[in-house]
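To keep things clear, I will list the structure first and then write my remarks on it.
The values are calculated or read from the model by the stated rules, or taken from the named source; none is laboratory data. What you see is a predicted model; the values in this text were computed from it and never measured. Heads up, the Cβs are rebuilt from the backbone with ideal geometry, glycines too, and the neighbour counts pull from every protein chain shown. Note: areas computed on protein heavy atoms with side chains; ligands, DNA, RNA excluded. Shrake-Rupley method; radii C 1.70, N 1.55, O 1.52, S 1.80 Å.
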Amino acid sequence: MWDKEGKKYLDLYGGHAVISIGHSHPHYVEALKKQLDKIGFYSNSVQNSLQEQLSENLGRISGYPGYQLFLCNSGAEANENALKLASFVTGRKKVIAFRKSFHGRTSGAVAATDNPKIVAPFNSGHEIEFLPLNNEEAFNHSIGSNVAAVIIEGIQGVGGIQLPADSFLQLLSKKCKEVGALLILDEIQSGYGRTGKFFAHQFAGIKPDLITVAKGMGNGFPVGGVLIAPGIKPWSGMLGTTFGGNYLACAAALAVLEVVEKENLIKNAESIGNYWIQNLKSFAPITQIRGRGLMIGFDLPETFSGLRKDLLFKHRIFTGEAKPNTVRLLPSLALKKEEADLLLEALTIEINQSA
């Protein structure tokens, strides 16, 4: 990226994992330009063949060819519709969510987000129970026939790159089936190839009832979606949207999938992510490293609280954070090894200088 003065920056945060194939990828730019010359928007009351093409391509590349797709505009909207759908299907309203979760800022999504500061009184009436992540005993105690849905991130992003154990996800899947609750996997930040698989939950070998996607789906163009298990039967008007799945959104989303597939970016995310994690272990002050693929967080003591600012202003490298002192890395999946090395070189300078 370049600023208005022409200074070059390396973006290792991608606007919260939104930039999945790189800023202004030529294929992506061309796809949007071509579509804009044709038609940008029309009502969903008219069949849009790009939606069908997107659904088919997403199902094939993600490993969920039998799932249905509802298209919307954002991650919060995707989670809102997934929660609503689970309540429709089960006839229940209780939701189990997890500590440090973030699912969005709309009514149900923010109620299932573990941050009371951003939950207005208007949003707080939903029946949500928050449980500790990876605590099987607490989950077994709370899951029951009154639960509509269990919602969990494939990897918690805002919470500091916290990973649900594969065995924990397997337990959630098993128990939801037993009690007739729906399992919602929020893959808004952790999906779309970021972890070295298309979805982070695929490491656990489970198939959720509902999978929510957004962020990297459009590489910056607003688009989101809910992948819906084949056994869930829709009725007319069950879910609806004015702008969801418009022509431009579909063109952007299709271009992203085409680049991911053609340039083998899922494999690249795995390879560069493993390289980073291995090399980050050599920095003694780093207390913990978590993540998969190009979704990585590492913790530093308070004495390094200014590290992200130094990386930005001294080395022109963008990174993310999670409180209290986690550095988050969520770059484009097209990141090259020589670009990954720029971070390691900058860390060597800053960490050794402070040691």
Residue span Thr348 to Gln170: 0.36 nm per residue of separation minus Cα-Cα distance leaves a gain in nm of 60.2 nm
Taking the square root of 5λ for each eigenvalue of the C-alpha gyration tensor of the chain, the equivalent ellipsoid has semi-axes, largest first and in whole angstrom, of 32, 27, 17
Mean-square fluctuation maximum in Gaussian network of the chain, Cα pairs under 10 Å, restricted to Val18, Val46, Val223, hits Val46
Counting only residues 5 or more apart in sequence or on a different chain, those whose built amide H sits under 5 Å from that of Phe199 are Gly193
Taking alpha-carbon centroids only, region 7-83 lies from region 204-281 a number of Å equal to 8
Note to self: with every protein chain in place and a 1.4 Å probe, the chain gives an accessible area per residue in Å² of 45
One finds, for Ser43 and Val179 with R0 = 51 angstrom and r their Cβ-Cβ distance, a FRET efficiency to the nearest 0.05 of 0.85
If every Lys and Arg gets +1 and every Asp and Glu gets -1 at its Cβ, then about the Cα centre the chain yields a dipole, in debye to the nearest 20, of 240
Among trypsin sites (Lys or Arg not before Pro) in region 250-297, those in a DSSP loop whose Cβ has at most 13 other Cβ atoms within 10 Å are Lys281
Projected convex hull area of region 170-308, Cα atoms, direction-averaged, in nm², equals 11.7
Heavy-atom accessible area of the chain with neighbours in place, 1.4 angstrom probe: carbon+sulfur share in percent works out to 53
extent check for region 50-142: Cα max minus min per principal axis, descending, whole Å, gives 40, 31, 26
Rounded to the nearest 5, the percent of DSSP beta bridges in the chain running antiparallel is 60
With a 32 Å threshold on alpha-carbon distance, the violating pairs from Lys215/Lys336; Lys4/Lys336; Lys175/Lys336; Lys33/Lys93 are Lys175/Lys336; Lys33/Lys93
For the chain, averaging the sequence separation of alpha carbon pairs under 8 Å that lie six or more residues apart and dividing by its residue count, the contact order in percent is 24
Scan of the chain for chymotrypsin sites (Phe, Trp or Tyr not before Pro) in DSSP loops with at most 14 other beta-carbon atoms within 10 Å gives a longest site-free stretch of 43-234
Phi angles of region 153-161, converted by Karplus (6.51 cos²θ - 1.76 cosθ + 1.60, θ = phi - 60°) into ³J(HN,Hα) in whole Hz with x for Gly and Pro, give 7, x, 9, 5, x, 4, x, x, 6
Bridge orientation stat for region 94-197 from DSSP, antiparallel percent rounded to 5, came to 10
Scan of the chain for GluC sites (Glu not before Pro) in DSSP loops with at most 16 other beta-carbon atoms within 10 Å gives a longest site-free stretch of 128-262
A chain fully extended from Phe313 to Trp2 at 0.36 nm per residue, minus the present Cα-Cα distance, gains in nm 110.6 nm
